[in-house]
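Encoded as structure tokens, the structure appears first; notes follow it.
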Amino acid sequence: GNSVTQMEGPVTLSEEAFLTINCTYTATGYPSLFWYVQYPGEGLQLLLKATKADDKGSNKGFEATYRKETTSFHLEKGSVQVSDSAVYFCALSDRVGTALIFGKGTTLSVSS
Amino acid sequence: GAVVSQHPSRVICKSGTSVKIECRSLDFQATTMFWYRQFPKQSLMLMATSNEGSKATYEQGVEKDKFLINHASLTLSTLTVTSAHPEDSSFYICSATKTVNTEAFFGQGTRLTVV
């Protein structure tokens, strides 16, 4: 069945450091891929998504590219801020709006 | 974006009692709602999918008689954990979509502790 593997955290960075959180997936067909973020005490928010191969999702300085050849959707940001401290979840679904399969989540802590 | 409100955010109950968790879409009509569960250091796992006015579809291994889901209106779905046990202690989170192929919006989750 479909699955998502996400690098385990926690990830601890200094402000303005480069961030990469790895995510790979196993799926039949052509799933849609997502990154969600959960700030302390809040629900999950969609950070970015990509619905087909080679698509790049981007939002708030974060980027991820749908790589079918490597079945990956790594999250990157060039310069993190303290306010980026949160838990990040990689996820996939058969298509947008259907049930999601999540990775375990990666906790990011950014210090000033 | 659209707002989904989940209530309560935290609840502690005694073994053997039942607990109801509400998931409301505040500013849109949700044709489909999803219920997920997260154990510590684990992924969010889909429990069930509910469509307004019809019975929920449960994932394999989820007891439908224990986790009662009611999606009585386009803005409200409820999850009732019946005869709760300590092993039911977990983080429960709902999401809602307006229609297929549109984004799912998540509630803030409910931390259930059964003592």
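Coordinate-derived values only; no laboratory data. Predicted model only: the values in this text are computed from it and were never measured. Glycine also receives a Cβ, built like all others from the backbone with ideal geometry; neighbour counts cover every protein chain displayed.
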Inset, instruction - Answer yes if at least one residue in the stretch B:54-75 is at the interface with another protein chain (Cβ under 9 Å from one of its Cβ atoms), surrounded by fewer than 18 Cβ atoms within 10 Å (Cβ to Cβ) and either of a type in the set (F, W, Y) or within 20 Å of A:I101 (Cβ to Cβ) (or both), and no otherwise. - result: yes
Inset, instruction - Among the residues of the stretch B:91-113, write down those that are in a strand (DSSP E or B) and surrounded by 20 or more Cβ atoms within 10 Å (Cβ to Cβ). - result: B:Y92, B:I93, B:C94, B:S95, B:A96, B:T97, B:A104, B:F105, B:F106, B:T110, B:L112
Inset, instruction - Could you list, in sequence order, all residues of the stretch A:25-69 that are in contact (Cβ under 8 Å) with a residue 12 or more places away in the chain, in a strand (DSSP E or B) and more than 14 Å from chain B (Cβ to nearest Cβ)? - result: A:F62, A:E63, A:A64, A:T65, A:R67
Legend entry - Residues that are charged (D, E, K, R) and in a strand (DSSP E or B), drawn from the stretch B:7-32: B:R10, B:K20, B:E22, B:R24
